[in-house]
Amino acid sequence: MNFPLIKALKNGILVELDYMHPQEQEVVRALLNVVIVEGKTYPHKQPLSQAEFTAYWLSKDAFVVRSFVQDATHKPKKILGAFYLKPNFPGRCCHICNAGFIVQPELRGQGIGRFMGEAMLLIAANLGYEAVMFNLIFETNIPSITLWQSLGFEIIGRIPYAAKLGDEQVVDALMMYRTLEMSTVDG
């Protein structure tokens with residue numbers, strides 16, 4: 001695959017998806033910590049230190065969606081969203097990957113998550129993964145469940161009372177799964 005991948009969002013804004021650069025790590029960590037503090041989608045209770053972020057998010061492949069600027073000013077591009085992609089299990093099961101996604105709160109609903117999800121499926125297949133599994137999608141995270149189902153994921157299990165959300169509401173978590181086929185790469 002050739003990076004960056006360029007796409008026009010619903011609102012017409014051009015964005016690019018690329019591997020995360022080292023100088024972008026702190027911006028992505030800060031965004032992840034905003035999402036963690038929201039307390040609605042990630043299992044962590046406290047913001048992650050740099051070391052914790054590195055172990056969790058940077059253990060394999062990490063990507064960002066940036067604003068696309070077509071000029072020679074070299075001004076920094078804003079990070080709009082990010083995701084990681086890594087084996088879900090070790091050894092004999094490492095052909096099944098896992099991914100985690102975050103989008104700037106003020107930009108949700110603009111198609112950034114869908115762009116990242118579609119790209120992740122292509123990237124995962126190109127990296128040799130045979131399936132994608134999400135271990136913990138809280139049942140209250142309807143936008144994620146809807147997105148993943150629209151991209152061919154199936155709910156393969158439910159973990160009762162899996163998460164205590166920020167407001168102490170206790171919810172089930174869903175496990176979602178999708179196999180990757182060569183047609184994913186081609187089309």
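The table that follows gives values for the structure above.
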| read-out | value |
| --- | --- |
| Neighbour-limited loop hits for trypsin sites (Lys or Arg not before Pro), the range 150-181 (at most 13 other Cβ within 10 Å; DSSP other than H, G, I, E, B) | none |
| Proxy reagent accessibility, fewest Cβ within 10 Å first, across Thr41, Thr179 | Thr179, Thr41 |
| Environment charge at Ala55 (Cβ cut-off 14 Å; Lys +1, Arg +1, Asp -1, Glu -1) | +2 |
| Cβ-placed point charges (K, R +1; D, E -1), dipole of the chain about Cα centre in debye, nearest 20 | 160 |
| The chain, helix-only ellipticity at 222 nm - DSSP H runs n ≥ 4, -39,500 (n - 2.57), divided by all residues, nearest 500 | -8000 deg cm²/dmol |
| Convex hull per residue volume in Å³, alpha carbons only, for the chain | 126 |
| Spin-label proximity, Ser59 to the range 105-144 - amide N less than 15 Å from point 7 Å beyond Cα toward beta carbon | 133-136 |
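Values in this text are rule-based calculations from the coordinates and carry no lab data. Just so it is clear, the model here is predicted, and its values are computed rather than measured. A quick note on method: Cβ atoms are made from the backbone with ideal geometry, for glycine too, and the neighbour counts reach across all protein chains shown.
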